[in-house]
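Nothing in this text is a laboratory measurement; each read-out follows from the coordinates by a stated rule. Predicted model only: the values in this text are computed from it and were never measured. Ideal geometry is used to build each Cβ from the backbone, glycine not excepted, and the neighbour counts take in all protein chains shown.
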Amino acid sequence: MNKIDPYSALRYPEFRYFISAQLFFTIAILIQELVLSYYLYELTHDPLALGLIGLAEAVPFISLALFGGYMADRFNRKKIYLWSFVVVCIVTLILIFGLTDAFFFKIDEKHQPWVIYLSVFIFGIARGFYNPSWSSLKPFLVQPEHYSNSASWSAQFWQVGRIAGPVLGGFLYAYVGFINSLWVVFGLFILTIILASFISKKEIKNQTKGKLLESLKEGFVFVRQNKILWYSIVLDMFSVLFGGVIAILPVFAKDILNVGAEGLGFLRAAPAVGAVLVMLGTAYFPPTNQAWRNMLLAVAGFGVATLVFAVSTNFYLSCFALFFTGAFDSISVVVRSTILQILPPDHMRGRISSVNGVFVSTSNELGAFESGLAAKLLGTVPSVLFGGVMTLVVVTYIYSRSKELFSVKLVREG
């Protein structure tokens, strides 16, 4: 039996550039998300306003992601993601200039939410292009036998960013203020661009030449015809769509747990702490050995942890429950990431990544809108209880439809 090398993917220099850029980008995005959401809730005291942030990002991203995948499979992926990152930097500058009185003008508080929504909308446009081109890079950075290991390390660095971003965001907001927090975000985006520029251009074999609509359809059909890929994406989409609570955490922090912006930072970081600890283990004990069983159990655990969070009125118990949502979610992330690296042919990776991105955005950003709307209509706690129950219902239904997948082995030949 060959000895498992838990650091095999890290021995590739370009993979190290990739995960480092991903780390700083994730930290920047989550600092920006946290300070924007808390600032917006202080302005409006309306949970629906928080949900509208998700909608403002989801609409352009979902509209453009499939086209972005087509572009990633036909053109220079490096230029696409670098220029998209530049647009993301511009978004931060729009927020700084539009929400501060240190320059020529300051928009009054009544209209400031629209500056935020506009900025998030532009970010959604950029994401529609950078997401498929950036995500489809991973299989080109390591050899096929190291795909599972690279998925674990990539997910770990992403989760470290998910820990550091919210905690830093909470402290920055509390101690240096909203606008200075955004300047830190801008600096991190610049660092991301520098690191990403060190990754060489990747040539695409059997480059797609078909017409746009036919090419996009080809990517979706591939996903739909591969049952483990299709069910893993659908399972993740509906569980996070209903069970996600991240968007309305400012309501819990300010009105239910009474812990302010700093407490919000810890609440936002708690899922990522759980995820990192579990993912450290996945480098040694990959969950792909019995992939489908592990994924179903993980999503069911996510639903139970969400129910515990819903009924908690204690800050530490709430953090503990969120810790387990991240721990369980990380298992499904590693399984799904491995599937996305093993199954697609190289010339379709951009389109398949974009199809996955549409479903992920539906679960995250539209899920954020669903969370805000449900909290507005049902109340904050009942809406989270509803989401946890629906997650368990979805797991039970997909289990009944996918029993043949328990025997699937995630191994790529060659």
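Near Glu42: Cβ cut-off under 12 Å, other residues only, Lys/Arg at +1 and Asp/Glu at -1. The net charge is -2. A Cβ-based charge dipole, computed about the Cα centre of the chain with Lys and Arg at +1 and Asp and Glu at -1, lands at about 1340 debye. Inter-label distance, Leu385 to Asp5: 5.3 nm, where each label sits 7 Å from its Cα along the C-beta direction. With a Förster radius of 51 Å applied to the beta-carbon distance between Arg401 and Val311, the computed FRET efficiency rounds to 0.95. Once the mean of 1/r is taken over each pair of separate Cα atoms and inverted, the range 3-124 shows a Kirkwood hydrodynamic radius of 16.8 Å.
Modelled spin-label separation between Arg224 and Asp46, with each label point placed 7 Å from Cα along the Cα-to-Cβ direction: 3.8 nm. Stokes-Einstein, applied to the Kirkwood radius of the range 279-336 over Cα pairs at a viscosity of 0.890 mPa s and 25 °C, places its translational diffusion at 208 µm² s⁻¹.
Grab the Cα-Cα distance for Trp183 and Glu109, subtract it from 0.36 nm times how many residues apart they are, and report the gain in nm with one decimal. Intermediate values should be presented prior to the final figure.
Details: separation 74, 0.36 × 74 = 26.64 nm, distance 2.03 nm.
Taking Trp183 through Glu109 to full extension adds about 24.6 nm, to one decimal.
Working value for the range 77-174: equivalent-ellipsoid semi-axes of 34, 18, 10 Å, each the square root of 5 times a Cα gyration tensor eigenvalue, largest first.
A value for Cα extents along the principal axes in Å was derived from the coordinates, and within the list (i) 61, 55, 40; (ii) 59, 45, 41; (iii) 68, 43, 43 it appears as (ii). Out of Tyr117, Ala49, Tyr7, whose Cα points farthest toward the positive end of the dipole of the chain (charges: +1 Lys, Arg; -1 Asp, Glu; placed on Cβ)? Result: Tyr7.
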